[in-house]
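Beneath this line is the structure, given in structure tokens, with notes to follow.
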Amino acid sequence: MSVHISTRKALPRRAVLKQAGIALGLPMLDAMSPAFGASEPASPKRFVGVSLRLGLHNPYLVPKDKGNGYTPSPYLKSVQDIRDKFTVISGTSHPGVKGGHTAEASIFSACPMGRGSNSKNTISLDQHMAKYMGDETRFPSLVLSTSSHRSPSYSESGAMIPAIDDPKKLFTALFANDSPDAKKRQRDIASGGKSIMDIVRSETKALERQVGPGDRDKLDEWFTSVRELELRLEANEAWIDKPKPKAGKEPKSPDRNNAPDVMRAFLDTVFLSLQTDSTRFVTLHCPDTSVRALEGVDESYHSLSHHGQSGEKLDQLAIVEQATIDRWGDFLRKLQGANLIDDTMVILTSNLGNASSHDNRNMPVLFGGGGYKHGQHLGFSNTNNYPLPNLYLSMLQNLGMEAEKFATSTGTMKGLV
């Protein structure tokens, strides 16, 4: 499970002692209170990013007309009851990102890289959010995937964060209280980890006296990551004895040969995690898992995505992708029913705009919630794509972060109201 603890927090009561490397919360002073009484606390903002490795067939997804009066595309007819809760975005991509399937590593980092590139990945959007705003929940972030070998999330050092690949394990981690023996093991790990940090710190300081300026900068960067790990261990230890919330009945187990149903099982549990405020930042990556159980489908998902305009393959692919859209729509409906949708930004996208040709341009994007005025098709140029990182920057600012740039963004997204 991915856990990324913030080293600072954007609240007026937080005072940071930078030289000491610690943060102290000030007591609430009279001067901090509103002049005419306390106001209701703001609802927490949340983010859920769902990424698809094999894209969505744009001719079936993207409406032919733009603006608020767009005519629903075939895929969008099933979600018109929540039309005012999401925006269709077309003509966008990540500048400098290429390489077909390998671009999935950049889906939430937007780091320019491609097949055979020596470029190191950068921090993903969810982890950037969790770093600065994730320290109020038991799990600062959840990193999930329908495949154990793939993850959409990357740390600040560009390392892939392992994902939970089983909805049942996710539910257990979120809501099953640990046994006394398990809690003891967690304390041992935390205290042992901190003693290791002490050793690492002393050895690093000794090395700094023996290397040149360039290496000292590298060591300083590495030492910062070590310090973040130490803070993470301390935060984990603080949660050990706090009871986990009760979430009622575990969601129905999925059919592993039905990729959209696996997605549904994850999103059902993600909904519970948001409803109980167990976390606020989530990514779910959906690679090319089995679709054998879907009626009318007799080829592999990957084979169907490489349809080559075959009508038979496109018909089967449409069954898979329509079910995927429907599960995403169900998730938005649940958020709406629980009055969480206006405080939760939800994106469905893919690194591939055309899986059949491995094209990373014209990425499919459905963006819902977050308090935006939706109900539109925001269409940019299909030949000169608009930077999708601009949407990522808009999301950061929607959270209240004072961000001016994310990856290759050139500003906040135009037309998003």
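From 54, 61, which residue is closer than 16 Å to residue 323 by Cα, modelled with pLDDT under 95 and touching a helix residue (DSSP H, G or I) at 6+ places or on another chain (Cβ under 8 Å)?
Working: 61 fails: modelled with pLDDT under 95.
Step by step, each of 54, 61 is checked, and only 54 is closer than 16 Å to residue 323 by Cα, modelled with pLDDT under 95 and touching a helix residue (DSSP H, G or I) at 6+ places or on another chain (Cβ under 8 Å).
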Filtering the range 283-336 down to residues that are of a type in the set (Val, Ile, Thr) and in contact with a Gly (Cβ under 7 Å, 6 or more places away or on another chain) yields 283, 319
Q) Just wondering, is there one or more residues in the range 329-352 that are of a type in the set (Ser, Thr, Tyr) and farther than 13 Å from residue 50 by Cβ? A) no
For the structure I just gave you, tell me whether residue 90 is surrounded by 17 or more Cβ atoms within 10 Å (Cβ to Cβ), in contact with a strand residue (DSSP E or B) (Cβ under 9 Å, 6 or more places away or on another chain), farther than 30 Å from residue 278 by Cβ and not aliphatic (A, V, I, L, M). yes
Of the residues in the range 334-358, those that are crowded, with 17+ Cβ neighbours inside 10 Å and acidic (Asp, Glu) number 1
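Provide a single number: the residues in the range 310-353 that are hydroxyl-bearing (Ser, Thr, Tyr) and touching a helix residue (DSSP H, G or I) at 6+ places or on another chain (Cβ under 6 Å).
Within the range 310-353, the subset hydroxyl-bearing (Ser, Thr, Tyr) is 310, 324, 344, 349-350.
With the extra rule that they be touching a helix residue (DSSP H, G or I) at 6+ places or on another chain (Cβ under 6 Å), the set shrinks to 324, 344.
Adding up the residues that qualify gives 2.
Among the small types (Gly, Ala, Ser) and modelled with pLDDT of 95 or more: does that describe residue 265? Let's see the steps before the verdict.
Values: among the small types (Gly, Ala, Ser): yes; modelled with pLDDT of 95 or more: yes.
The answer is yes for residue 265.
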Would you check if there is a residue in the range 375-395 being of a type in the set (Gly, Ala, Ser), touching a residue at least 24 places away in the same chain (Cβ under 8 Å) and touching a helix residue (DSSP H, G or I) at 6+ places or on another chain (Cβ under 9 Å)?
yes
Over the range 277-298, the set of residues in a loop (DSSP other than H, G, I, E, B) and surrounded by 17 or more Cβ atoms within 10 Å (Cβ to Cβ) is 278, 279, 280, 287, 288, 289, 291, 294, 297
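The values are calculated or read from the model by the stated rules, or taken from the named source; none is laboratory data. These numbers were taken from a predicted model, which means no experiment stands behind them. Glycine gets a Cβ as well: all are built from the backbone with ideal geometry, and neighbour counts include every protein chain shown.
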